[in-house]
1. If G132 meets every condition in (1) under 17 Å from K308 (Cα atoms); (2) of a type outside the set (S, T, N, Q); (3) within 16 Å of ligand 2 (Cβ to nearest atom) apart from one, which number is that one?
2. With respect to Y266, is the statement that it is within 27 Å of A163 (Cβ to Cβ) and not assigned by TED's automatic domain parsing to the domain that holds S170 true?
3. For the list (1) within 15 Å of the chain's Cα centre (by Cα); (2) surrounded by fewer than 19 Cβ atoms within 10 Å (Cβ to Cβ); (3) without any contact (Cβ under 8 Å) to a residue 24 or more places away in the chain, I need the number of the one condition that V302 fails.
4. Mind counting the residues in the range 282-312 that are part of a loop (DSSP other than H, G, I, E, B) and aliphatic (A, V, I, L, M)?
5. State whether one or more residues within the range 109-117 are farther than 15 Å from S136 by Cβ and either among the charged types (D, E, K, R) or out of contact with any Leu (no Cβ under 9 Å at 6 or more places or on another chain) (or both).
6. Tell me, please, whether a residue that is within 30 Å of R180 (Cα to Cα), at pLDDT 95 or above, part of a helix (DSSP H, G or I) and hydrophobic (A, V, I, L, M, F, W, C) can be found in the range 13-28.
7. What's the number of the condition F135 fails, among (1) within 16 Å of ligand 1 (Cβ to nearest atom); (2) touching a helix residue (DSSP H, G or I) at 6+ places or on another chain (Cβ under 9 Å); (3) not in a strand (DSSP E or B)?
8. I'm trying to understand the selection: among the residues of the range 25-44, which are within 18 Å of the chain's Cα centre (by Cα) and over 17 Å from A163 (Cα atoms)?
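The values are calculated or read from the model by the stated rules, or taken from the named source; none is laboratory data. In this text the structure is predicted, and so the values were computed from the model without any measurement. Heads up, the Cβs are rebuilt from the backbone with ideal geometry, glycines too, and the neighbour counts pull from every protein chain shown.
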Amino acid sequence: MKGYNITTLNEFIIRRQAHIPYAKGELSNLLHHIGIAAKVVHKKVNKAGLVDVLGEAGEVNVQGESQQKLDVFADMQFTAALRDSGECCGIASEENQEIITFDDELSLDGNYIVCMDPLDGSSNIDVNVSIGTIFSIYRRISPRGEKAQLIDFLQEGNKQIAAGYIIYGSSTMLVYTTGRGVNGFTLDTGIGEFCLSHVNIKTPEAGKIYSLNEGNYNKFPDGVKKYIKYCQEKDTETNRPYSARYIGSLVADFHRNLLKGGIFIYPETASAPKGKLRLLYECNPMAFIAEQAGGKATNGDVRIMDIKPETLHQRVPLYTGSRKMVENAKKFLKEFGK
Ligand code: AHM
Ligand code: MG
């Protein structure tokens, strides 16, 4: 009989660490704790219709959006897991105006900070559509032993040490990179482990899917309008027309396009000149994963990961996905205007 040959997330993390000389296991421990919080949130998300976790919590977050109860739960779980890890001296979360510093002795000595969107796509919670968690890890700049500072968080995306997301979909998956490719793990609920299921993910260099909220068409820049028309035109050589697919959950839209090939766009609009998505905890982590999978991520002008963040909740336009498609969209922006 053939044995059950699985690699769990923890095994994988530890094996990877063995390849890095002098690694002390700090990052591995941090990732391990993220994996634990992901399982706890998965369990709650799965029961969302049964227990009283649906609906709004009555608070409005710093972006002026109402917080759903599951958002609050996910925020608490990930915050607690990161604090417990002892490797993280502070976090920035979509749900909090300011950074949160962890001031116990162990955490003060932690080498890392984490930016996260604990539950992205919250408008989809009540209707049983995929949602996700996004995280991004940086080495701190401030000295170890002291409180984390804002400068630790305002680093360019190209300084990320690791980034990933958890998608709570038809199954729950954790996808992450430490800069040596992208790997995906599917939660086997029978044994309660994330198991390696998608090894060294590479995104197709061109795909057949374009994803953006076309309801905003009239508010889009001309370059985006022209690009949409291009996506819809027939051309056998370039496999057009493309299919429009838009869930309205960044993690789910990004994940589908990563595996199948495609382009995801959240552009600047007349009413939101900087777009909607946040640089630190949405765009940078996705950009790191996209690039590690062979794709691209730009704000239409420069590489997302080269943008110097000015504020914690800064928004930027996002064009990401298959390399050739992003390059092509960029040409339209250049020719017809952003
Ligand atoms: P959220 O962080 O408040 O959930 O908002 C981010 C979400 C993304 O998941 C998604 O890509 C986008 O908002 C959808 O926005 P829109 O409804 O404007 O298309
Ligand atoms: Mg979000």
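1. For G132, the failing item is (1).
2. Yes.
3. Unmet condition: (1).
4. Residues in the range 282-312 being part of a loop (DSSP other than H, G, I, E, B) and aliphatic (A, V, I, L, M): 4 in total.
5. Yes, the range 109-117 has at least one match.
6. Within the range 13-28, none of the residues are within 30 Å of R180 (Cα to Cα), at pLDDT 95 or above, part of a helix (DSSP H, G or I) and hydrophobic (A, V, I, L, M, F, W, C).
7. For F135, the exception is condition (3).
8. Scanning the range 25-44 gives K39, V41, H42.
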